[in-house]
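Worksheet: the structure to be examined is printed underneath.
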Amino acid sequence: MQERFEDQLEQFERALARLHEALAENETNLVRDALIQRFEFTFEMAWRCLHRFLESKGERLAQKAWAVLPEAFQSKLIDDAEVWDQLREYRNLTSHTYQEAMAVQVAAFIRARAVGAFDRLAEKLRTL
């Protein structure tokens, strides 16, 4: 179980590094789309990493973000349940629809709040 968690953590950290690459670019339509796609990948790797960690500690949770995130907050793995709920909502929206105004809003959210939440999670998980 620990090895599966470590593999998932590595995937999360790679996705986060790629997200940071997109954040370093000046925003254009193309960069915004790449940023959102990398956000989606990073979110997926993050909640799956949380699932693997909680599983390694004996928790039995559905393999769905909505089941994992509250337990991760209760276990103090994530520090802001509201931000993570927004992360999940934006990930669901961007995965199923595309609207220019929504893309601009999501990109702003990623820059202002999402990347910080991901960075804090990565730091926390590295210390476990």
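Shape analysis of the stretch 62-107 places it in the oblate category; the axes a ≥ b ≥ c from the Cα gyration tensor give an a/c of at least 1.5, with a/b not above b/c.
Computed from backbone phi with θ = phi - 60° and the Karplus coefficients 6.51, -1.76 and 1.60, the 3J(HN,Hα) list for the stretch 35-50 is 4, 5, 4, 5, 4, 4, 4, 5, 4, 4, 5, 5, 5, 5, 5, 4 Hz; x is used for glycine and proline. Taken along the Cα-to-beta-carbon direction at a fixed 7 Å, the label points for GLN2 and VAL83 span 2.9 nm.
List the longest stretch of the chain that has no exposed loop site; here a site is one of the trypsin sites (Lys or Arg not before Pro) assigned by DSSP to anything other than H, G, I, E or B, with at most 14 other Cβ within 10 Å. Answer from the scan: 1-56. Straight-line reach from LYS64: taking Cα to Cα under 14 Å and skipping same-chain neighbours fewer than 8 places apart, the aspartates and glutamates in range are GLU44, GLU55, ASP85, GLU89. ASP79 sits among other residues whose Cβ lies under 10 Å from its own Cβ, and their net charge, with Lys and Arg +1 and Asp and Glu -1, is +2. As I understand it, the dipole of the chain uses +1 on the Cβ of Lys and Arg and -1 on the Cβ of Asp and Glu, about the Cα centre. Which of GLN105, VAL31, SER56 lies farthest toward its positive end? Farthest towards the positive pole: SER56. Summing Lys and Arg as +1 and Asp and Glu as -1 over all other residues whose Cβ lies under 14 Å from the Cβ of GLU3 gives a net charge of -2. Across the stretch 1-124, Cα pairs under 8 Å and at least six residues apart give a relative contact order of 31 percent. Calculated mean residue ellipticity at 222 nm for the chain: -25500 deg cm²/dmol, from DSSP H runs with n ≥ 4 weighted as -39500 (n - 2.57), summed, divided by the residue count and rounded to 500.
Note on the chain: with neighbouring protein chains present and a 1.4 Å probe, carbon and sulfur make up 49 percent of its accessible heavy-atom surface.
Dipole magnitude for the chain: about 220 debye, using +1 per Lys or Arg Cβ and -1 per Asp or Glu Cβ, origin at the Cα centre. Computed over protein heavy atoms with a 1.4 Å probe, the accessible surface of the chain works out to 56 Å² per residue.
Rounded to the nearest 10 degrees, the angle from helix 100-109 to the longest Cα principal axis of the chain is 50 degrees.
Assuming a ≥ b ≥ c are the square roots of the Cα gyration tensor eigenvalues, decide whether the stretch 35-101 counts as rounded (a/c under 1.5), prolate (otherwise, with a/b larger than b/c) or oblate. Prolate.
Compactness of the chain was expressed as the Cα radius of gyration divided by 2.2 N^0.38 Å, which yields 1.03. Using DSSP to call loops (not H, G, I, E or B), can you name the chymotrypsin sites (Phe, Trp or Tyr not before Pro) in the stretch 53-128 whose Cβ has at most 16 other Cβ atoms within 10 angstrom? Answer by residue number: TYR98. The Cα atoms of the stretch 1-40 give a gyration tensor whose axes a ≥ b ≥ c have a/c of 1.5 or more with a/b greater than b/c, which makes the shape prolate.
The values are calculated or read from the model by the stated rules, or taken from the named source; none is laboratory data. Owing to the predicted nature of the structure, the values given are computational and were not obtained by experimental measurement. Cβ atoms come from the backbone with ideal geometry, glycine included; neighbour counts cover every protein chain shown. Areas reflect the complete protein model, heavy atoms only, side chains present, ligands, DNA and RNA absent. Shrake-Rupley method; radii C 1.70, N 1.55, O 1.52, S 1.80 Å.
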